[in-house]
Amino acid sequence: MQTVNVRSSKRVELIDITAQVKEIVRSLGVEKGHLLIYVPHTTAAVTVNEGADPSVAQDIIQALEHLAPHGAPFYQHLEGNSDAHIKASLLGASECIPLKDGAPVLGTWQSIFFAEFDGPRQRRVYLSLSG
Amino acid sequence: MQTVNVRSSKRVELIDITAQVKEIVRSLGVEKGHLLIYVPHTTAAVTVNEGADPSVAQDIIQALEHLAPHGAPFYQHLEGNSDAHIKASLLGASECIPLKDGAPVLGTWQSIFFAEFDGPRQRRVYLSLSG
Amino acid sequence: MQTVNVRSSKRVELIDITAQVKEIVRSLGVEKGHLLIYVPHTTAAVTVNEGADPSVAQDIIQALEHLAPHGAPFYQHLEGNSDAHIKASLLGASECIPLKDGAPVLGTWQSIFFAEFDGPRQRRVYLSLSG
């Protein structure tokens, strides 16, 4: 198991970690199997989406803010970050990508994003290969 | 493949199954690989989130009720549980967690929840290890 | 790694690919492990839900349209398909299902759906087995 360290700089942001993930997978020299990307936090998540135009990530963040507004009146959790927990469950803590020829088979426009919902913080993403 | 049996007692609830999952993984004696948690139902799901403060699970449930209200007027499905199907797809039927030293590498605050959206019912969760 | 080719005929639709997936898994002759279903697109996704009554898929589509409306005024991405990117992240690019006796252990009512959010297009779904 390998760890990608991520430093977020905003409360909510999508951080493209594709280059780090690809470099780690390459260094492991595993030709095929499943790449598991796992976020061990409860106010952050992982998602795969377009990385070429940064406005896509912005629109995803805005949409999630509409779906789970920061400070909605019905939240009972007293830490004030219920929206972050909800957003984390909507995107999910894990994503799996097939490996082929030693690299994740991302589509042309796909990037891997660490989704920060309660930053800025120092965060970790676990990578694990099986197969 | 192992099965966790879950008995839900409400229409909608998040049930913490972390202890059962950890015990099964421990009993299997597998040191590393991927733990797949799979829900074979269409009105239930699995999610990983905070288990320490139960108000987090309550806020997630409330938020999902806002996103897919029970009995919204546009639903066409005649069984009256369309909201449960929608909530199930939003959280997802599967989650993968890396294993290390024979245990899932959950973060400090992470618990594994069976998400019931159309209970009360007798339910199953499948666990499978690979690697 | 195997590929399922999918031809969508609408802008938004859920396409049941269960039969193709089962046939490919059967042809590979792998008894157990994890079936990874991966969508290499940024405006499409994979979800597991009820396939028996097509109104469930319709209700999921309608609910997602409420959550991320086509053409919402706050979108910054200029291609006009931000809703499709958002819906894709909500459902996710990957789903894993355990294999048993050479077949995915789908529940009684579960089908595997390719979720098209920006069609009609020619699309691909990757299948990969590990374990």
Alpha-carbon Rg with Dmax, taken over the stretch C:1-78, Å: 15.7, 50
log10 of Debye I(q)/I(0), alpha-carbon scatterers only, for the stretch C:7-127 at 0.20, 0.23 Å⁻¹: -1.09, -1.34
Distance between the stretch C:104-131 and the stretch A:63-131 - C-alpha centres, whole angstrom: 21
Neighbouring partner chain Cβ atoms per residue of C:30-38, average, 10 Å criterion: 6
Cβ-based net charge around B:Glu65, under 14 Å, with every Lys or Arg adding one and every Asp or Glu removing one: -2
Across the identical copies, how the C:Gln2 labels are spaced - nm, sorted shortest first, 7 Å along Cα→Cβ: 2.9, 2.9
Dipole magnitude of the stretch A:1-88, debye to nearest 20 (Cβ charges: Lys/Arg +1, Asp/Glu -1, about Cα centre): 280
Residue among C:Ile61, C:Ile24, C:Ile112 with the largest mean-square fluctuation in a Gaussian network model of chain C, springs linking Cα atoms under 10 Å: C:Ile24
The protein assembly as shown: Rg to Rh, with Rh as the Kirkwood radius over Cα pairs: 0.92
Inter-copy spacing of A:Pro73 label points, which lie 7 Å from Cα along Cα→Cβ, given in nm from shortest upward: 2.3, 2.3
Shape category assigned to the stretch B:57-131 from the gyration tensor of Cα positions, a/c cut at 1.5: prolate
Selection of GluC sites (Glu not before Pro), the stretch A:1-72, meeting DSSP coil and at most 16 other Cβ within 10 Å: A:Glu31
GNM result for chain B, Cα springs below 10 Å: residue of B:Ala19, B:Ala57, B:Ala44 fluctuating most strongly: B:Ala19
Net +/- balance of residues flanking A:Arg121 in space, Cβ distance below 14 Å, scoring K and R +1, D and E -1: +1
Net charge contributed by nearby residues that have their C-beta within less than 10 Å of C:Gly131 (K/R +1, D/E -1): 0
Copy-to-copy label separations for C:Thr18, where each label sits 7 Å from Cα toward Cβ, in nm and ascending: 3.4, 3.4
Distance from the stretch C:31-53 to the stretch A:1-21 (C-alpha centre basis), Å: 26
GNM top mover of C:Gly29, C:Gly119, C:Gly92 - chain C, alpha-carbon springs below 10 Å: C:Gly29
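Computed from the coordinates by the stated procedures, all read-outs in this text should not be read as laboratory data. Note that the structure is predicted; figures quoted are calculated from it, not measured. Quick reminder, even Gly has a Cβ in these numbers, built from the backbone with ideal geometry, and neighbours come from all protein chains shown.
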